[in-house]
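Q: Okay, handing you the structure first.
Just so it is clear, none of the values below were taken in a lab; they were calculated from the coordinates. Remember, it's a predicted structure, so these values are computed and weren't measured experimentally. Note that each Cβ is placed from the backbone with ideal geometry, even for glycine, and that neighbours are counted across all protein chains shown.
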Amino acid sequence: MITLGIETATQVVSVAVGGDDGVLGMVEIAQGRRHAETLAPAIEFVCRHAQVAIGEIAAIGVDVGPGLFTGMRVGIASAKAMAHALQVPVVGVSSLDLLAHPLRHTSKVIAGVIDARKGEVFYAFFLPTPGGVQRVTEPRVGSIEDFNADVMARGQDVLAVGDGACRYRDELDIGVEVADLAHPSVASLVTLARARVLRSDLEALRADDVQPMYLRAPDAQINWSVR
């Protein structure tokens with residue numbers, strides 16, 4: 001089963017295709033906030049070089065955030081449009097889950113931490129499990145002080161991952177180690193989306209049910225309220 005992964009919730013646009021033997025092709029493009037202009041050519045490029053025809057795609061995985069509002073919308077809209085056109089299931093996966101998954105072999109608590117701007121971060125905590133990770137807190141938004149307070153309340157060593165952890169590395173609690181991974185893994189997206197499709201009722205994986213994970217109001221709405 002060929003699965004397409006679309007990750008646009010952060011500064012980097014990432015696309016991958018995978019099959020029974022794992023990821024067949026992957027591209028990451030850092031072009032600032034040009035997600036809308038970059039995504040379609042990236043999909044075409046990956047499919048062409050992986051020798052996968054668009055019509056062979058049997059499932060789509062998409063990062064639903066939290067992250068950049070515009071980036072999330074571009075990725076989700078593209079995934080939905082392709083899913084409707086190809087009549088295939090689409091799976092939404094949180095960017096925090098995609099950050100944590102590559103660290104599933106650690107013995108520490110994992111914290112996915114994404115830069116939310118305005119001095120805040122999006123974050124959630126995970127525990128390694130056989131074959132993956134389990135999210136043990138709901139995704140939330142808060143200051144670095146809020147994050148550090150949650151780390152202290154857990155009383156455990158934490159391995160933090162994401163551009164938020166990298167940006168605020170010097171302000172994190174002393175018990176926090178920072179992993180060398182800034183952006184959600186599109187390879188993990190393909191893996192997780194494919195696994196969910198294989199174990200789910202395909203009728204339940206409808207494109208219309210995939211929604212962005214907003215943990216706070218968009219900046220435009222905040223600015224309008226202030227005015």
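Q: Within the set of pairs 6 or more residues apart or between chains, which connect a residue that is within 17 Å of Gly75 (Cβ to Cβ) inside the range 194-212 to a residue that is charged (D, E, K, R) and assigned to a helix (DSSP H, G or I) with Cβ atoms less than 6 Å apart?
A: Hits for this filter: Ala207/Lys80.
Q: On to the next question. May I ask you to say which residue of Arg48, Arg104 is among the basic types (Lys, Arg), surrounded by fewer than 22 Cβ atoms within 10 Å (Cβ to Cβ) and either touching a Pro at 6+ places or on another chain (Cβ under 7 Å) or within 21 Å of Leu215 (Cα to Cα) (or both)? I'd like the intermediate steps shown before the answer.
A: On the way: Arg48 fails: either touching a Pro at 6+ places or on another chain (Cβ under 7 Å) or within 21 Å of Leu215 (Cα to Cα) (or both).
None of the other options fit; the residue is Arg104.
Q: Please enumerate the residues belonging to the range 51-67 that are closer than 18 Å to Val23 by Cβ and crowded, with 24+ Cβ neighbours inside 10 Å.
A: At the first step, the residues of the range 51-67 found to be closer than 18 Å to Val23 by Cβ are 51-54, 56-63.
Selection gives Ala59, Ile60, Gly61, Val62, Asp63.
Q: Collect the residues in the range 8-41 that are surrounded by 22 or more Cβ atoms within 10 Å (Cβ to Cβ) and of a type outside the set (S, T, N, Q), keeping them in residue-number order.
A: Hits for the range 8-41 are Ala9, Val13, Val15, Ala16, Val17, Gly18, His35, Leu39.
Q: Of the residues in the range 144-158, how many are more than 21 Å from the chain's Cα centre (by Cα), of a type outside the set (S, T, N, Q) and not in a helix (DSSP H, G or I)? Please lay out each step first, then the result.
A: Looking only at the range 144-158, we keep the residues that are more than 21 Å from the chain's Cα centre (by Cα), and these are 145-146, 148-157.
Within this subset, residues satisfying the condition of being of a type outside the set (S, T, N, Q) are 145-146, 149-155, 157.
Those still in the list that are not in a helix (DSSP H, G or I) too: 155, 157.
Of the residues in the range 144-158, 2 are more than 21 Å from the chain's Cα centre (by Cα), of a type outside the set (S, T, N, Q) and not in a helix (DSSP H, G or I).
Q: If a residue has to be under 30 Å from Gly155 (Cα atoms) and of a type in the set (S, T, N, Q) to count, how many in the range 166-210 make the cut?
A: Residues that pass the stated criteria total 2.
Q: Within the range 159-193, can you find the residues that are surrounded by fewer than 20 Cβ atoms within 10 Å (Cβ to Cβ), part of a helix (DSSP H, G or I) and in contact (Cβ under 8 Å) with a residue 12 or more places away in the chain?
A: Cys166, Arg167, Glu171, Ala187
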